[in-house]
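*Asks:* First, the structure itself, so that you have it in front of you.
The values are calculated or read from the model by the stated rules, or taken from the named source; none is laboratory data. Keep in mind that what you see is a predicted model, and the values were worked out from it rather than measured. Counting neighbours? That spans all protein chains shown, and the Cβs are built from the backbone with ideal geometry, glycine included.
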Amino acid sequence: MRTVLCFGDSNTYGSSPMTARGDSFRYRPEIRWPMRMAAALGPGWHVIEEGLPGRTTCHDNPFEGPHKNGLRMLPAILESHAPIDVIVMMLGTNDLKGYLGLTAFDIAKGLRTLLLRIRQSAAGPGGGAPAVVLVSPVPIEECGPTAEGLAGGAEKSRRLTGFCKDLADEFDAAFLDAGSVATVSEQDGVHLDPQAHVALGAAVAEKVACLFARA
């Protein structure tokens, strides 16, 4: 059985779009894109959901705590789930938050740091490194209850896609532009609706299957 680790933020966790009051809930497993991917891949695959709302690439959250730092938590996650055949990583949206003051290039540097840590790990089969599918996040819109905190983020989120493609080439990783198959909800401009989860799950499943077909 092959193991797929989905490492991401609230859109991997399955958070619904927020209302004006900031209310949100977690979609049922059969709606969330990692489980949609699992269904598409079929038997013989073990899919692990490792999504955390608010997770950044490599930055502490001064309001919610250092556990939101993806780099800080990644080594333990890799060890606890090893051996991992492939990691599907979709991060960067929370790095767009205004209080971090990051450019798209800065966010890409954070992603590169994570990819280096994965490459240097022994979390894959036989003590090697896991394969990677790098997913550039769906570009955001500045609307609804998230607009003020993400001011300026829409343009940066679109620039991030090109940087992600370059990183995938550098690390010989598979690449998926999530914005090519899904859009964010108009309700909050950040999170995915059920239809987007369906589309993303199918697209990621195809990337994972092709990755192993060529191996």
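*Asks:* Under 6 Å by Cβ, and 6 or more places apart or on different chains, what pairs join a residue from the stretch 50-61 that is closer than 23 Å to Met37 by Cβ with one that is of a type in the set (Phe, Trp, Tyr) and not in a strand (DSSP E or B)?
*Replies:* Hits for this filter: Gly51/Tyr13; Pro53/Tyr13.
Residue-wise test of (1) surrounded by 23 or more Cβ atoms within 10 Å (Cβ to Cβ); (2) of a type in the set (A, V, I, L, M, F, W, C); (3) farther than 15 Å from Val132 by Cβ.
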| position | (1), (2), (3) |
| --- | --- |
| Val181 | no, yes, yes |
| Val184 | yes, yes, yes |
| Gln187 | no, no, yes |
| Asp193 | no, no, yes |
| Ala199 | no, yes, yes |
| Ala202 | no, yes, yes |
| Glu206 | no, no, yes |
| Ala213 | no, yes, yes |
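*Asks:* Considering only residues of the stretch 5-48 that are within 18 Å of Ala199 (Cβ to Cβ) and assigned to a strand (DSSP E or B), which is nearest to the chain's Cα centre (by Cα)?
*Replies:* Only one residue tops the list, namely Gly8.
*Asks:* Identify the residue in the stretch 144-185 that is of a type in the set (A, V, I, L, M) and more than 15 Å from the chain's Cα centre (by Cα) and, among all such residues, is modelled with the lowest pLDDT.
*Replies:* Kept after step one, since they are of a type in the set (A, V, I, L, M), are these residues of the stretch 144-185: 147, 150-151, 154, 160, 167-168, 173-174, 176, 178, 181-182, 184.
If we keep only those that are more than 15 Å from the chain's Cα centre (by Cα) too, we end up with 147, 150-151, 154.
Numbers: Ala147: 91, Leu150: 94, Ala151: 95, Ala154: 97.
My answer is Ala147.
*Asks:* Pull up the stretch 82-117, narrow it to residues that are out of contact with any Asp or Glu (no Cβ under 9 Å at 6 or more places or on another chain) and part of a loop (DSSP other than H, G, I, E, B), then point me to the one that is nearest to Phe163 (Cα to Cα).
*Replies:* Checking each candidate, the answer is Thr103.
*Asks:* For the stretch 9-19, name all the residues that are closer than 23 Å to Gly44 by Cα and either without any contact (Cβ under 8 Å) to a residue 12 or more places away in the chain or surrounded by 23 or more Cβ atoms within 10 Å (Cβ to Cβ) (or both). Please lay out each step first, then the result.
*Replies:* Within the stretch 9-19, the first condition is being closer than 23 Å to Gly44 by Cα, and the residues that meet it are 12-13.
Listed by number, the list holds a single entry, Thr12.
*Asks:* With respect to Glu141, determine if the residue is outside any helix (DSSP H, G or I) and modelled with pLDDT under 95.
*Replies:* Values: outside any helix (DSSP H, G or I): yes; modelled with pLDDT under 95: no.
Spelling it out, it is not the case that Glu141 is outside any helix (DSSP H, G or I) and modelled with pLDDT under 95.
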